[in-house]
Amino acid sequence: MSLSLISAAIWAIAATFVALLPMRFQYAPGVTLLVAAPFLVGFIGYEHGLWFALLGLAGFVSMFRNPLIYFYRCARGKTPDIPR
């Protein structure tokens with residue numbers, strides 16, 4: 001198994017672990033995982049090609065859909081709904 005796929009598996013396990021934490025402890029590691037994901041998807045694409053990178057991107061978007069929707073709404077200038 002290549003380094004990029006091992007890194008992606010570790011990233012997915014770390015993201016799952018962070019999701020189990022209480023909300024106040026999720027911010028710092030969650031932002032770190034959110035920032036690291038595009039680099040990891042690019043690394044997967046570099047080593048394995050476009051189709052594997054798209055699969056990695058689909059996994060990233062499915063795990064971080066709520067923060068991505070929030071940032072999308074902020075970028076469009078709309079007041080985002082924050083679920084409580």
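The values are calculated or read from the model by the stated rules, or taken from the named source; none is laboratory data. All values reported here derive from a predicted model rather than from experimental measurement. Counting neighbours? That spans all protein chains shown, and the Cβs are built from the backbone with ideal geometry, glycine included.
General remarks:
- Of note, ARG24 does not satisfy the criterion of being surrounded by fewer than 12 Cβ atoms within 10 Å (Cβ to Cβ) and within 11 Å of the chain's Cα centre (by Cα).
- Criterion applied to VAL35, VAL41, VAL18 was being assigned to a helix (DSSP H, G or I) and exposed (fewer than 12 other Cβ atoms within 10 Å of the Cβ), and the one residue passing it is VAL35.
- From the options PHE60, PHE71, residue that is surrounded by 14 or more Cβ atoms within 10 Å (Cβ to Cβ), without any contact (Cβ under 8 Å) to a residue 40 or more places away in the chain and part of a helix (DSSP H, G or I): PHE60
- Reported count of residues in the stretch 1-15, each being free of Cβ contacts under 8 Å to residues at least 24 places away in the same chain and not in a helix (DSSP H, G or I), is 1.
- Criterion applied to GLY49, GLY59, GLY30 was being of a type in the set (Gly, Ala, Ser) and modelled with pLDDT of 90 or more, and the one residue passing it is GLY49.
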